[in-house]
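Below is one structure, written out as structure tokens, with a few remarks after it.
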Amino acid sequence: MFETVSSEPAEPTDIVVLDGVDKTYTGGRSVVHALQSVDLSVRSGTLLAVHGRSGSGKTTLLNVIGGLDRPDAGRVEVCGLDLVSASDAELTELRRRSVAFVFQGFGLLPMLSAAENVEVPLRLQGITERRERVEELLDVVGLGGRADHRPNELSGGEQQRVAIARALAADPQLLVADEPTGQLDSRTGAEIMKLIVAVAAERDIAVVVATHDLSIIDDADHRVELQDGHVIAELTP
Ligand SMILES: Nc1ncnc2c1ncn2[C@@H]1O[C@H](COP(=O)(O)OP(=O)(O)OP(=O)(O)O)[C@@H](O)[C@H]1O
Ligand SMILES: [Mg+2]
């Protein structure tokens, strides 16, 4: 047998697949259908922007995709794992190894420097050679010169860059970002979105971003609009 060496790039794979996903919240007398019959998929190296008004189900969708919450019906597959039947231990492992999160409020630890914040996921993974990796990640997000600053010594945009570097530290297959630019002015927000789009493509990561403001994502590969938990439109960028 001959080994065939292909110069073709690897086939993109579906990192996220949702099929007929429902999520209902019942509290007292109120029933909220936060997600209804949602179907979608996201391939490696591509970015899906989820748009919709407040209360339309964006955070619920991202929490289901990130393994933070389970759906009531339908199929959710992330990085090859069936999240409906997965054990809690498997979900924890998925979140530690394969999925990274970026939030509106940055979520940095205030007593730690930028470099130490980026180091946290590497420590959690038991990686001992951390220093060079941290330097490289801070360079990727354009913050090489701010390694020793604490979050309160950084601007909002810089803090979000540190959060993105931290998210990349665990070498995820999927990045889930809920309103990552919500606390930033529109110009800084657009810069942060460009950075997220660039790292997704360069590192072959799948990205799902929720946003109120579609204008800051001109270069999303796919966009869906949610209304009352339904995907009402697949928008072309
Ligand atoms: N834990 C919960 N218990 C009950 N209802 C909830 C819960 N979480 C969300 N909801 C409801 O589900 C619906 C969708 O909420 P979700 O947070 O997903 O919206 P969103 O699109 O992220 O809104 P925003 O843009 O304001 O962040 C809303 O009607 C909300 O009130
Ligand atoms: Mg939300």
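Counting only GluC sites (Glu not before Pro) that are in a DSSP loop and have at most 10 other C-beta atoms within 10 Å, tell me the longest site-free stretch of the chain. Here the longest run is 4-128.
Given 4 °C and 1.567 mPa s, compute D for the chain with the Stokes-Einstein relation, Rh being the Kirkwood radius over Cα pairs; round to the nearest whole µm²/s. Let's see the in-between values first.
Numbers: Rh = 18.5 Å.
Here the translational diffusion coefficient equals 70 µm²/s.
What fraction of the DSSP beta bridges in the range 14-235 is antiparallel, stated in percent and rounded to the nearest 5? Of all bridge pairs located within the range 14-235, approximately 50 percent are antiparallel. Using the Cβ-Cβ distance between residue 203 and residue 25 with R0 = 35 Å, the FRET efficiency computed as 1/(1 + (r/R0)^6) comes to roughly 0.50.
When +1 charges are put on Lys and Arg Cβ atoms and -1 charges on Asp and Glu Cβ atoms, the dipole computed for the range 81-218 relative to its Cα centre reaches about 220 debye.
Using C-alpha pairs under 8 Å with a sequence gap of at least 6, the mean separation divided by the residue count of the chain gives a relative contact order of 28 percent. Rounded to the nearest 20, the size of the Cβ-charge dipole of the chain about its Cα centre is 720 debye, with Lys and Arg at +1 and Asp and Glu at -1. Taken as entire DSSP H runs, the helices of the chain that both span 18 Å or more between Cα atoms along their own long axis and average -0.5 or more on the Kyte-Doolittle scale are 156-169, 186-203. The length gained on full extension between residue 215 and residue 14, counted as 0.36 nm times the residue separation minus their Cα-Cα distance, comes to 69.7 nm. Comparing Cα centroids, the range 159-213 and the range 41-55 end up 12 angstrom apart. Taking only the C-alpha atoms of the range 109-210, the Rg (one decimal) and the largest Cα-Cα distance, Dmax (whole number), read 12.9, 39 Å. Each of 104, 92, 71 was placed along the dipole of the range 71-119 (beta-carbon charges, centred on the mean Cα), and the one lying farthest toward the positive end is 104. In this simple spin-label model, placing a label point 7 Å from the Cα along the Cα-to-Cβ direction at both residue 230 and residue 97 gives a separation of 4.0 nm.
Here the range 1-111 was treated as a single set of alpha-carbon atoms; its pair distances binned every 10 Å from 0 give 12, 37, 31, 14, 5, 2, 0 percent.
Using a simple spin-label model with pseudo-atoms 7 Å out from Cα toward Cβ, residue 73 and residue 54 lie 3.0 nm apart.
Provide the FRET efficiency to the nearest 0.05 for the residue 135-residue 109 pair, computing r from the beta carbons and using R0 = 25 Å.
Numbers: r = 19 Å, r/R0 = 0.76.
The pair residue 135/residue 109 has a calculated efficiency of 0.85.
Give me the 1.4 Å probe accessible area per residue for the range 14-235, excluding ligands and nucleic acids, in Å². Working shown, then result.
Details: 10470 Å² over 222 residues.
On a per-residue basis, 47 Å².
In the range 14-235, carbon and sulfur make up what percent of the accessible area (probe 1.4 Å)?
The C+S portion of the solvent-accessible surface of the range 14-235 is 45 percent.
Report the calculated FRET efficiency for residue 87 and residue 41 (r = Cβ-Cβ distance, R0 = 22 Å), to the nearest 0.05. The formula returns an efficiency of 0.40 here. For the range 141-237, the relative contact order comes to 23 percent (Cα pairs under 8 Å, sequence separation of at least 6). With the contact rule set at Cα under 8 Å and sequence spacing of 6 or more, what percent relative contact order holds for the range 42-96? In percent, rounded to a whole number, it is 21. Counting trypsin sites (Lys or Arg not before Pro) as exposed when in a DSSP loop with at most 12 other beta carbons within 10 Å, what is the longest stretch of the chain free of them? Within the chain, the longest run free of exposed trypsin sites (Lys or Arg not before Pro) spans 54-237.
The values are calculated or read from the model by the stated rules, or taken from the named source; none is laboratory data. What you are looking at is a predicted structure, and each value in this text was computed from that prediction instead of being measured. With ideal geometry, Cβ positions are generated from the backbone for all residues, glycine too; neighbour counts draw on all protein chains shown. Surface areas here come from the heavy atoms of the whole protein model, side chains and all, with no ligands, DNA or RNA. Shrake-Rupley method; radii C 1.70, N 1.55, O 1.52, S 1.80 Å.
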